[in-house]
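One structure below.
The values are calculated or read from the model by the stated rules, or taken from the named source; none is laboratory data. Predicted, not measured: the structure shown is a model, and the values here were computed from it. Cβ atoms come from the backbone with ideal geometry, glycine included; neighbour counts cover every protein chain shown. Just so you know, the surface numbers come from the protein's heavy atoms only, side chains and all, with ligands and any DNA or RNA stripped out. Shrake-Rupley method; radii C 1.70, N 1.55, O 1.52, S 1.80 Å.
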Amino acid sequence: MIKDEIREDMRAKRRALSKDEVKIKSDEIRQRLLGVERVKQAKTICTFISAFKEPDTVEIIKELWEQDKKIVVPITDIESGTLSLSYINSMDDMKKGAYGILEPKTVRKADENNIDVILVPGLAFDRNGGRMGFGKGYYDRLLESSKAVKIGLCYDFQILEKIPTESHDVPMNFVITEKEILEIR
């Protein structure tokens, strides 16, 4: 399958999930993620805010706050094709931003060098840490210079044997689904 076919197939499979399925699978993913030693040790975690039936990151954020972790989220700049980073302290301080994804109303700039772990969305991943996003390259640009541990979050059906990757694609260190934790060496 070519990239566009994979993207459309994964979008369709995610759209077909019921709210209950998203919740059940997301709970499993959250439990696995919070058991990862690198996450336990992290002080500052950058995470996407879930949308479009992605694994729920809002519950992950709430649990990380309870563990006194600092939370950073991306803000999409469509014009420049980049993500900037902002600390958040509450889900109440959010508004719909680019692509209808929640972003902070009040931006509190975060330095990417202070981030220990980045939770990364994707439409498909493979067992070598390969990731396929939505095709705009936002996360590739963010991840290329980051020294943080990169963790892809997805559903089990989004793990493919091999996805087509290019030189600018940044591999994940972990990929976590409701069924397993892939640690990529």
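Select the helices (runs of 4 or more DSSP H) contained entirely in segment 1-43, then report the ones holding at least 3 residues which are buried (at least 17 other Cβ atoms within 10 Å of the Cβ). Step through it out loud before you land on a result.
On the way: elements: 3-15, 19-34, 37-41.
Helices (runs of 4 or more DSSP H) meeting the threshold: 3-15, 19-34.
What number of residues within segment 40-64 are closer than 29 Å to residue 15 by Cα and touching a strand residue (DSSP E or B) at 6+ places or on another chain (Cβ under 8 Å)? It would help to see each step written out before you state the result.
Keep residues of segment 40-64 that are closer than 29 Å to residue 15 by Cα, which gives 45-64.
Now drop any that are not touching a strand residue (DSSP E or B) at 6+ places or on another chain (Cβ under 8 Å), which leaves 45-49, 51, 54-55, 57, 60-61, 64.
Final tally of qualifying residues: 12.
Hey, any hits in segment 98-110 for a residue that's more than 20 Å from residue 55 (Cα to Cα) and small (Gly, Ala, Ser)?
Here is the first cut: in segment 98-110, the residues more than 20 Å from residue 55 (Cα to Cα) are 105-110.
Among the residues that remain, those that are also small (Gly, Ala, Ser) are: 110.
Yes, segment 98-110 has at least one match.
Can you work out which of the residues in segment 58-88 that are part of a loop (DSSP other than H, G, I, E, B) and not hydroxyl-bearing (Ser, Thr, Tyr) is surrounded by the most Cβ atoms within 10 Å (Cβ to Cβ)? Write out each step before concluding.
Residues of segment 58-88 part of a loop (DSSP other than H, G, I, E, B): 67-69, 78-81.
Right, trim to not hydroxyl-bearing (Ser, Thr, Tyr) and you get 67-69, 78-79, 81.
Details: 67: 11, 68: 7, 69: 18, 78: 11, 79: 7, 81: 11.
Ranking the qualifying residues of segment 58-88, first place goes to 69.
Only one of (1) of a type outside the set (A, V, I, L, M, F, W, C); (2) free of Cβ contacts under 8 Å to residues at least 40 places away in the same chain; (3) under 15 Å from residue 134 (Cα atoms) fails for residue 50. Which number is that?
(2)
If we keep just the residues of segment 44-56 that are of a type in the set (A, V, I, L, M, F, W, C) and in a loop (DSSP other than H, G, I, E, B), which is most open to solvent (accessible area, probe 1.4 Å)? Give the derivation first.
Within segment 44-56, the first condition is being of a type in the set (A, V, I, L, M, F, W, C), and the residues that meet it are 45-46, 48-49, 51-52.
Remaining after also requiring in a loop (DSSP other than H, G, I, E, B): 48-49, 51-52.
Values: 48: 8, 49: 9, 51: 20, 52: 118 Å².
Once the filter is applied, the top-ranked residue is 52.
Find the residue count for segment 153-185, including only residues that are of a type outside the set (A, V, I, L, M) and out of contact with any Ser or Thr (no Cβ under 9 Å at 6 or more places or on another chain).
First pass over segment 153-185, keeping only residues of a type outside the set (A, V, I, L, M): 154-158, 161-162, 164-169, 171, 173-174, 177-180, 183, 185.
From the residues that got through so far, the ones that are out of contact with any Ser or Thr (no Cβ under 9 Å at 6 or more places or on another chain) too are 161-162, 164-169, 173-174, 177, 179-180, 183, 185.
Of the residues in that region, 15 qualify.
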